[in-house]
Amino acid sequence: MVRIAFLALGWSALALGLVGVALPGLPTTPFLLVAAFGFSKSSPRLRAWLAEHPRLGPPIRDWSERGAISRRNKTRAVLAIGLVVVLSLALGAPAWVLALQAAGIAIGLGFVLTRPS
């Protein structure tokens, strides 16, 4: 039963990661990392497939081997966060929403920008 739960987690996270490839506000890499974790607990074959995938594998290998985020993905994260801020301001989000966003952004950017490249 636990194996099935981890397999479902892996597939769900992989699906969200693939959606994140097309949607700029939805991050891809964190979902791929969760998928790799779920697959590592349920199917080593799927974990190996994901890690060796030509497009999806490099961020997983970078994180697994060095705890690193590529410069390209850091740049994408900063641009996506900037887009969310601009969109929130343009839509006239309430001050409390902007304050919550600022706190989340500070934490998220702090984490992303302090990881090795």
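Residues checked against (1) closer than 27 Å to ILE105 by Cβ; (2) free of Cβ contacts under 8 Å to residues at least 12 places away in the same chain; (3) buried (at least 18 other Cβ atoms within 10 Å of the Cβ); (4) among the small types (Gly, Ala, Ser):
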| site | (1), (2), (3), (4) |
| --- | --- |
| LEU9 | yes, no, no, no |
| PHE31 | yes, no, yes, no |
| PHE39 | no, no, yes, no |
| SER43 | no, no, no, yes |
| GLU52 | no, yes, no, no |
| LEU56 | yes, no, yes, no |
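Sort out for me the helices (runs of 4 or more DSSP H) sitting completely within the stretch 1-105 that have 1 or more residues that are touching a Gly at 6+ places or on another chain (Cβ under 6 Å) and over 25 Å from SER117 (Cβ atoms).
2-22, 29-42
Checking SER117 against (1) of a type outside the set (Lys, Arg); (2) modelled with pLDDT of 90 or more; (3) touching a helix residue (DSSP H, G or I) at 6+ places or on another chain (Cβ under 6 Å), which single condition isn't satisfied?
(2)
Does the stretch 58-85 hold any residues that are among the hydrophobic types (A, V, I, L, M, F, W, C) and either closer than 17 Å to LEU18 by Cβ or touching a residue at least 60 places away in the same chain (Cβ under 8 Å) (or both), and which are they?
The answer is ILE60, ALA80.
Take GLY57 and tell me if it is under 14 Å from the mean Cα position of the chain (by Cα) and on the phi > 0 side of the Ramachandran plot.
no
For residues that are surrounded by 11 or more Cβ atoms within 10 Å (Cβ to Cβ) and farther than 20 Å from PHE31 by Cβ, tally how many sit in the stretch 67-88.
The number of residues fulfilling the criteria is 4.
(1) among the aromatic types (Phe, Trp, Tyr); (2) at pLDDT below 90; (3) surrounded by fewer than 16 Cβ atoms within 10 Å (Cβ to Cβ): which one isn't true of TRP63, the others all being true?
(3)
Got a sec? Which of SER70, SER12, SER40 is among the hydroxyl-bearing types (Ser, Thr, Tyr) and modelled with pLDDT under 90?
SER70
The values are calculated or read from the model by the stated rules, or taken from the named source; none is laboratory data. From a predicted model like this one, the values you see are computed outputs, not experimental measurements. Note that we place each Cβ from the backbone using ideal geometry, even for glycine, and neighbour counts take in every protein chain shown.
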